[in-house]
Amino acid sequence: MLISLVIPVYNEGFRVADNLKLIVDAASHAGHDLELLAIDDGSEDNSCREIEKLAEQDSRVQLISLTRNFGKEAAIYAGLELAKGDAVVVLDADLQHPPRLIPAMIRAWEEGAYIVEAVKQERNDPSWLDRWFAKGFYWLYRILSGFDIRGHSDFKLLDRQIVDVYLALPERYRFFRGLVNWLGIESETLPFEVEERLGSTSRWSKVKLIRYATNNITTFSTIPLLIVTWLGSLTLGTGIVLALITLWQKLAGMSEAGFTTVNLLLIVLGGAVMTSLGIIGHYIGRIYQEIKARPVYVLKPTKRKKPCSSPDL
Ligand code: UDP
Ligand code: MG
């Protein structure tokens with residue numbers, strides 16, 4: 001049996017080769033053939049070259065090089081598409097997904113599991129803001145999409161059959177964690193503690209993370225569009241009540257200079273209209289992206305033997 005390890009890499013620096021070695025070593029304890037696909041997601045540092053060097057030493061390691069930074073989801077997708085294994089394990093390059101769990105995941109798969117998920121026990125986010133953000137995201141995701149993926153991570157083993165089903169889904173924008181959960185296939189879970197990220201900080205900027213969270217929620221839920229309708233009905237309802245009150249005041253001769261009401265109405269209505277347009281705009285944007293049907297990632301041309309070599313080499 002062949003096990004594929006799919007690892008997205010973006011600017012992981014000198015540490016990356018050691019980390020990948022450690023991952024292969026840990027996985028080899030399961031006693032299967034291995035292939036490790038390191039997907040360089042357009043790193044601007046030496047990650048690509050480090051992986052290339054490792055691939056020359058160890059034939060199990062393959063470098064897959066994307067032309068630019070397409071994002072972690074695209075890198076995972078590329079890896080899944082190119083993996084040949086009977087089972088595929090997806091994990092991070094920074095060892096935050098402990099490789100020592102891999103043999104246990106493989107064992108669960110041998111015993112019949114189609115999906116083995118490593119589930120986070122405790123969030124070790126360095127700041128309360130990150131923790132709060134993650135909690136907020138999972139809460140909103142659960143409320144709006146109806147799927148509870150708290151604690152889920154991208155650290156998963158998928159059987160070949162599941163990989164094929166996943167790849168056959170037609171959509172471009174993918175939220176790996178959410179989409180695997182959406183398949184509804186029963187999975188085995190293994191608890192794990194997220195390790196400290198050594199050396200550097202997360203590869204995600206706050207802006208990138210917020211965009212990621214918004215996209216993930218809207219690909220799984222159209223409720224925000226319904227909220228627009230509810231908001232509209234609510235404002236209309238309030239408007240009718242206010243109109244009746246004003247009319248009654250007018251008829252009873254008690255009408256006042258209603259600046260406050262007018263101002264409040266302007267602000268509330270303006271805000272509601274703008275927000276609603278924004279939400280609708282976001283969905284139209286997503287439809288536009290999907291309909292263009294561009295490939296999720298682009299591989300570097302391979303005619304030149306070394307995809308990483310830069311002009312200064
Ligand atoms: N990563 C990637 N492309 C990106 C950002 C991250 O391939 O644009 C990779 C990164 O190298 C790592 C994994 O995705 O292997 C998770 O990234 P990170 O550790 O920065 O995220 P976090 O642990 O904070 O979720
Ligand atoms: Mg990490």
- Under a plain spin-label model, where a point goes 7 Å from the Cα along Cα-to-Cβ, how far apart in nm are LEU236 and HIS29? 6.3 nm
- Per-residue Cβ neighbour rank within 10 angstrom, fewest leading, ILE23, ILE162: ILE162, ILE23
- Task: Run the dipole for the range 1-146 about the Cα centre, Lys and Arg Cβ at +1, Asp and Glu Cβ at -1, nothing else charged, and hand back the magnitude in debye, nearest 20.
- Result: 460 debye
- Task: Rounded to the nearest 10 degrees, what's the angle between the helix 259-292 long axis and the longest principal axis of the chain, both from Cα atoms, 0 to 90?
- Result: 30 degrees
- Burial order of peptide ranges 260-266, 93-99, 228-234 (average beta-carbon count within 10 Å, highest first): 93-99, 228-234, 260-266
- Query: If the limit is 18 Å between Cα atoms, which of LYS84/LYS156; LYS120/LYS156; LYS21/LYS303; LYS21/LYS53; LYS206/LYS300; LYS84/LYS303 go over it?
  - Reply: LYS21/LYS303; LYS206/LYS300; LYS84/LYS303
- Treating the beta-carbon of each Lys and Arg as +1 and of each Asp and Glu as -1, no other charges, what is the dipole magnitude of the chain about its Cα centre, to the nearest 20 debye? 1100 debye
- Protection proxy ranking, peptides 68-78, 188-198, 291-301, average beta carbon neighbours within 10 Å, highest first: 68-78, 188-198, 291-301
- Query: How many nm is it between the label spots at ALA293 and PHE147, if each spot is 7 Å from the Cα in line with the beta carbon?
  - Reply: 2.3 nm
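Bear in mind these aren't lab numbers, they're just calculated from the coordinates by the rules spelled out. In this text the structure is predicted, and so the values were computed from the model without any measurement. Counting neighbours? That spans all protein chains shown, and the Cβs are built from the backbone with ideal geometry, glycine included.
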